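Enquirer: One structure, as structure tokens, below. Some questions next.
The values are calculated or read from the model by the stated rules, or taken from the named source; none is laboratory data. Small disclaimer: the values here were computed from a predicted structure and weren't measured. Don't worry about glycine lacking a Cβ; one is built from the backbone with ideal geometry, like all the others, and counts go over all protein chains shown.
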Amino acid sequence: MRNRSRSLILLAAASLALVACTEGGDGAGPPGGVPGGGQQAAQPASYPRNETLFTSGTQWGPPVSWNPIATQNYATGTIGFVYETLFLYDPQTDKYEPWLAESGNWTSDTTYEVKLRDGVNWTDGKPLTADDVVFTAELGKMKSVPYSNLWNYLQKAEATDPRTVKFTFGAQPSYQQWANWVYFNAIVPKHLWQGRSEQDVTAGANDKPVGTGPYLYQTHDQDRMVWVKNDNWWGKQKLNLDPKPKYIVDIVNSSNEAALGLLLQGGIDLSNNFLPGISTLVRGGYKLETYFPEAPYMLSANTTWLVMNTKKAPMNNAAFRRALANSIDINKIVNGVYGQIVKPASPTGLLPIWDKYIDQAVVDELGFSFDTNRAKSILAEGGFRDTNGDGLVENTDGSPIELTLAVPTGWTDWMEAIRTIAEGAKAAGINIKTEFPAQTQVEDMRESGSFDMILNNERQIDNTPWTYYDYVFRLPIQQQQTTVNFGRYENQQAWDLVNQLDKTKVDDVAGMKAVTSQLQRIQLTEMPLIPLWYNGLWAQYSNAVWTNWPSAKDNAPKHLPTTWRGYMQRGAIKMLSDLKPAPPAK
Amino acid sequence: MRRYFARKLLIYVLTFFVAVTINWMIPRLVPGDPIQGMVARAGAQTPEAAAAIRAQYTEWFGLDVPLLEQYLRFWADLLGGDLGVSMWLFPASVRSVILTALPYTLGLLLPAILLSWWAGNKFGAYAARRKVLDNAALPIWYVLTATPYMWLAILLLWSLGIVANVFPTAGGYGFLVVPTWSLDFVGNLALHWFLPFASLFLVAFGGWAIGMRNLIIYELEADYSHYLQALGAPSRLVRRYAFRNAMLPQVTGLALQLGVIIGGAVVTEIVFSYPGLGYITLKAIESGDYFLLQGVFLFIVVGVLVANFIVDVVYVLVDPRTRTGVGGGRA
């Protein structure tokens, strides 16, 4: 009896598990489709380590979408490995590089002509034609396609011959935004995409991706995404580029710590995770490398800003905002919180690649730096006084100031950083409390405008500082601010200048500088948001299997070492061709 | 007997209805709008595009209709076997997300819970009142059980994974391996499974063993044991009776464990980067993914109910007293 009952329980539970497993097998086994239009390589029993590149740091959940239109959601490498763009923009050289396009030129002030390369095929065998490009641009007529704003300034896209597309714009085209569009957005095949509903286009999983790129879909699972090299890739001949890894396995992250463990074991070749202690490991003989061998170790990818809600007192007062900027001990954050893997931001907030657009005279005159006494005197001049003698200033109407600075819980570096900011503010007499709500709540507050202060770093390194000024100044203010100007700062003059910048040609650097100089003057006097530090393009690589990684060293490749979404078309794809197999261990 | 199970079944159906309703409600009471996160992730470049995307998602998820209608639709879909679409893992369906993850979670937790229960009970019963074992072995399990699980898991990972390099530190199977029905693949699967399994087993084993030991000691002090001993029954027989009596609370404990299986998976899956439902549940909570949470909760509710039902049946089998009660028979 005793034995029978026990085995019964075990049996019952086991059969339950079995049922669940078999069901799981049906729904979840290796996807049955033959992506890549039948070109998929035969399935090997395992991938040879010396032909496989392991990456991590992009995918934080199981891969579920291969849709290049859903730009923040697609499986690592969908744009870059499979779908390709007309141009690449390399921030390291500030050059646009023809990719699917052979050339692109403004034939007049309002027409732009793209000439496609000859002999580029989709992986199902059909050739890439001008119709595909026109079709992709016209997808933007659907309102929920991320680049639907294209049709605010574009009037017509037409294929004048199978390899030529003519784009016609209204008067004063948005040159800067257009330059952004042609390099950032991937071209999709018309013959497979036409007839798809708007929902399918913007949100479909597109689980059989057919592109033109150097890799093909191999398989995926909850914890990985596997790509296999496309041996017929056009770039081998036309660009003389040959990606070295036969397989790319992108590992889904559960935590940065797990990625670190794998990296140390040689189970990841390129990690784009944020690993705060990496500076010690790089110097500690672990065969690990970062772009710079010493501080700041990483290239800069984006600026972290302190966003203040300018609709609320006292953040509606420019003097207060400037005082706060002067109260922040940014070096303490850079050294203490980050171990020097980030750099303090320029007072303009512009990334190092945009140095040439910074008007140093304006910065010298109006810039800020950590100086508690100066912060105090700006507060005093602005009418903020400590009327009740508690060491903290009050509003100009005498009411006490109590502000909340919020970052998502679990973002440990930001949590530490805002503690430092609050300390610095307190020393200057500003009362700031820190708060760590869930990420969705922070997003909620940010979009509805119910926050006092938050940190944000959404705009990435890009082809034009316009994207940053758009982020700072965009008008009109909406009920929900979803992507830009979270602080709801209103300045029509500044927004007009941003639009003027947009309509300046990209090669007219002097014209752009004339506008950015004026914008910097407004920004530094008004301080709508405070630039803090440049977040790194987190990248650490192991030299165990692959070498010749991008590096600041002489003779090393200089491409951006990352698999992050949106970076392949910023030149990162070329990193794969530079890699060399490591010499066999002795 | 029939009336007993009919009554049980009715209770289960009611519980299911209430629990699922609560599951539907809770995510919606949590502050924060999941659509906002989705819009942010959609990568709209202008406010107009963002507004269009928001409208599309709101309609897609049916969040633009009154709550009552949402609730009725939810039941209609559920009964039709449709769990909806995940928001965090958009556009994957909740069904496919859960079914992909489930084999890993069950494959890890069921053996860990069942084996630790079985072995722990055996060992606890054996160790009770045996000086050497009681004094030497059990303290180790006390320490293991009292250890924060997280810490133990990290320690195992660090020592056996990273330092000794015997076991892999991440993944459900080797990242170089292609899933096939071969011995190599199964071996690889087992290798990755072992550390997470061992960590769960060790902690749970101690708990069961200690519980069983205490129960046995209690039973050995009971009158019937003393009486048996006085009659001159061999100690083996006395212990066997004690064991059978001590089993009953342990069976109840097992049912509870089986029910809350998912909760136990979260930390394990994160520390060992092991695929499964735990990590997915955590992310679903973080991103306020109503539909995925509903799906996972549904699975938990069904799990608890099924486990309870099995225990009800098992009780009837193992405990003569219940059997008499159920049968309404003569004492």
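Enquirer: Those residues that are crowded, with 17+ Cβ neighbours inside 10 Å, within 15 Å of A:PRO243 (Cβ to Cβ) and out of contact with any helix residue (DSSP H, G or I) (no Cβ under 8 Å at 6 or more places or on another chain), I need them from region A:548-586; list them, please.
Expert: A:GLY571, A:LYS574, A:MET575, A:LEU576, A:SER577, A:ASP578, A:LEU579
Enquirer: Having 1 or more residues that are more than 10 Å from chain A (Cβ to nearest Cβ) and surrounded by fewer than 14 Cβ atoms within 10 Å (Cβ to Cβ) is the bar; report the helices (runs of 4 or more DSSP H) wholly within region B:29-107 that clear it.
Expert: Correct list: B:67-79.
Enquirer: Moving on. Which one of A:ASN67, A:ASN73 is in a loop (DSSP other than H, G, I, E, B) and free of Cβ contacts under 8 Å to residues at least 12 places away in the same chain?
Expert: Testing whether each residue is in a loop (DSSP other than H, G, I, E, B) and free of Cβ contacts under 8 Å to residues at least 12 places away in the same chain leaves just A:ASN73.
Enquirer: On to the next question. With the requirement that a residue be in contact with a Phe, Trp or Tyr (Cβ under 8 Å, 6 or more places away or on another chain) and touching a residue at least 60 places away in the same chain (Cβ under 8 Å), what does region A:546-561 give you?
Expert: Those that are in contact with a Phe, Trp or Tyr (Cβ under 8 Å, 6 or more places away or on another chain) and touching a residue at least 60 places away in the same chain (Cβ under 8 Å): A:TRP549, A:PRO550, A:SER551, A:ALA552, A:LEU560, A:PRO561.
Enquirer: Let me ask something else about it. Can you find a residue that is assigned to a loop (DSSP other than H, G, I, E, B), within 19 Å of the chain's Cα centre (by Cα) and in contact (Cβ under 8 Å) with a residue 24 or more places away in the chain anywhere in region A:309-324?
Expert: Among the residues of region A:309-324, not one is assigned to a loop (DSSP other than H, G, I, E, B), within 19 Å of the chain's Cα centre (by Cα) and in contact (Cβ under 8 Å) with a residue 24 or more places away in the chain, which makes the answer no.
Enquirer: Cβ-Cβ below 6 Å, separation at least six or inter-chain, first residue in region B:65-91 and among the aliphatic types (A, V, I, L, M), second assigned to a helix (DSSP H, G or I) and modelled with pLDDT of 85 or more: which pairs?
Expert: B:LEU83/B:VAL94; B:LEU83/B:ARG95; B:LEU83/B:GLY295; B:LEU89/B:VAL97
Enquirer: Just the residues that are out of contact with any strand residue (DSSP E or B) (no Cβ under 7 Å at 6 or more places or on another chain) and outside any loop (DSSP other than H, G, I, E, B), please, taken from region A:325-358.
Expert: A:ASN326, A:SER327, A:LYS332, A:ASN335, A:GLY336, A:VAL337, A:ILE353, A:TRP354, A:ASP355, A:LYS356, A:TYR357, listed by residue number.
Enquirer: Also, quick follow-up: Any idea which of B:ALA119, B:ALA112 is in a helix (DSSP H, G or I) and surrounded by fewer than 20 Cβ atoms within 10 Å (Cβ to Cβ)?
Expert: B:ALA119
Enquirer: I need every pair where a residue in region B:6-34 that is under 17 Å from B:LEU79 (Cβ atoms) has its Cβ under 7 Å from the Cβ of a residue that is among the β-branched types (Val, Ile, Thr) and crowded, with 17+ Cβ neighbours inside 10 Å, sequence separation at least 6 or different chains.
Expert: Qualifying pairs under 7 Å: B:PHE16/B:VAL301; B:ALA19/B:VAL301; B:VAL20/B:VAL301; B:ASN23/B:VAL301.
Enquirer: Next question, about the same structure. Mind telling me which of the residues A:MET445, A:MET527, A:MET512, A:MET453 ends up being crowded, with 17+ Cβ neighbours inside 10 Å and at positive phi?
Expert: Checking each option against the conditions leaves just A:MET527.
Enquirer: Quick test of your reading of the structure: B:TRP117 fulfils all but one of (1) farther than 25 Å from A:VAL201 by Cβ; (2) facing chain A (nearest Cβ under 7 Å). Name the failing condition by number.
Expert: Failed condition: (2).
Enquirer: Taking A:THR396 as the residue in question, decide whether it is part of a loop (DSSP other than H, G, I, E, B) and touching a helix residue (DSSP H, G or I) at 6+ places or on another chain (Cβ under 8 Å).
Expert: So A:THR396 does not fit the description; no.
Enquirer: Also, quick follow-up: Please determine whether any residue of region B:147-164 is within 14 Å of chain A (Cβ to nearest Cβ), surrounded by 14 or more Cβ atoms within 10 Å (Cβ to Cβ), within 29 Å of A:GLN218 (Cα to Cα) and out of contact with any strand residue (DSSP E or B) (no Cβ under 6 Å at 6 or more places or on another chain).
Expert: yes
Enquirer: Turning to a different aspect of this structure: For region A:169-201, what are the residues that are under 20 Å from A:ASP507 (Cα atoms), part of a loop (DSSP other than H, G, I, E, B) and of a type in the set (Ser, Thr, Tyr)?
Expert: A:SER174
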